[in-house]
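Novice: I am attaching a structure below and will ask some questions about it afterwards.
The values are calculated or read from the model by the stated rules, or taken from the named source; none is laboratory data. These figures come from a predicted structure and were not determined experimentally. Cβ: placed from backbone, ideal geometry, glycine included. Neighbour counts: every protein chain shown.
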Amino acid sequence: MLAPTRLTRGLAAVATLGFALCAAGGAAASSFAVEPSTFTLVLPTRNATITLTNLSDQPVRLRVSGQAWSEDDAGTLALTPTSELIVFPQLFTIPPKGVQRVRAAVVAPPSSVEQAFRIVIEDLPPLDQTIRATPGTNITIRTRFTLPIYVEPLSRAPAGRLENVGAHDGRLTFTVQNLGNTHLAGDTMSVAGRDGKGKVLFADTIDRWHVLAGARRIYTLGVDKAVCASLRSVTISSPAASMLPAQTVDVASCS
């Protein structure tokens with residue numbers, strides 16, 4: 001079994017994939033842990049193993065698929081079927097407190113630009129479950145969990161830039177433009193607005209931000225109108241400064 005060179009493990013991601021609404025007033029939930037929560041495949045590695053652990057006292061039936069991943073300027077996730085990411089097995093049941101390992105392999109040729117995929121894990125009803133519209137019958141609502149996969153390019157060249165920083169009608173907007181061939185990401189991005197004397201009037205933090213390779217993300221933050229009237233400059237920074245250098249931009253009043 002080959003493992004990815006670089007995994008983001010930390011705490012296992014725990015997905016609650018279904019809950020029951022019971023006409024009799026009862027409720028139930030099934031959950032499982034996914035490890036790793038995200039990972040990057042570094043050449044020449046092209047495959048990895050995901051471990052799913054059923055944390056509940058009931059069997060969990062799952063369907064797994066590989067999807068190509070893109071996002072629009074607002075960060076809205078778009079997933080499309082792809083033959084470039086193969087996962088196996090795709091359909092299985094994990095017994096109570098049991099473990100299932102799923103193998104994922106990228107069959108797309110190496111690229112000059114980082115490739116982004118997601119493994120979609122969907123909760124399914126048990127095979128023997130029959131839903132009847134009678135008092136006391138549980139109605140189960142199913143959801144899904146997605147696991148990010150990045151495939152590094154032949155040569156990394158990360159680069160990002162802040163653009164279109166401005167304040168208008170009580171809103172602060174700016175664009176993170178990814179100019180490189182790998183995704184940009186950071187735990188936090190800090191935004192501070194100052195008056196003409198350099199006093200901080202406004203501060204906010206964007207958590208767990210990312211922008212896919214070659215894409216851009218437009219961020220919008222609300223600013224109190226009283227503060228907006230005195231705003232003269234905005235500083236945007238992130239600990240990931242090597243990918244996205246901090247920038248201070250003069251802005252006009254946004255009242």
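Novice: For the stretch 183-223, which strands (runs of 3 or more DSSP E) that fit wholly inside it have 3 or more residues that are loosely packed, with under 15 Cβ neighbours inside 10 Å and polar (S, T, N, Q)?
Specialist: Answer list for the stretch 183-223: none.
Novice: Another question, then. So which residues in the stretch 224-242 are surrounded by fewer than 20 Cβ atoms within 10 Å (Cβ to Cβ), of a type outside the set (D, E, K, R), part of a loop (DSSP other than H, G, I, E, B) and touching a strand residue (DSSP E or B) at 6+ places or on another chain (Cβ under 7 Å), if there are any at all?
Specialist: Pro239, Ala240
Novice: Hey, which of the strands (runs of 3 or more DSSP E) in the stretch 1-87, taking only ones fully inside, have at least 1 residues that are at pLDDT below 95 and of a type in the set (D, E, K, R)?
Specialist: 6-8, 29-35, 60-71
Novice: Which is assigned by TED's automatic domain parsing to the domain that holds Tyr219, of a type in the set (Gly, Ala, Ser) and modelled with pLDDT under 90, of Gly170, Gly136?
Specialist: Just one listed residue meets the conditions, Gly170.
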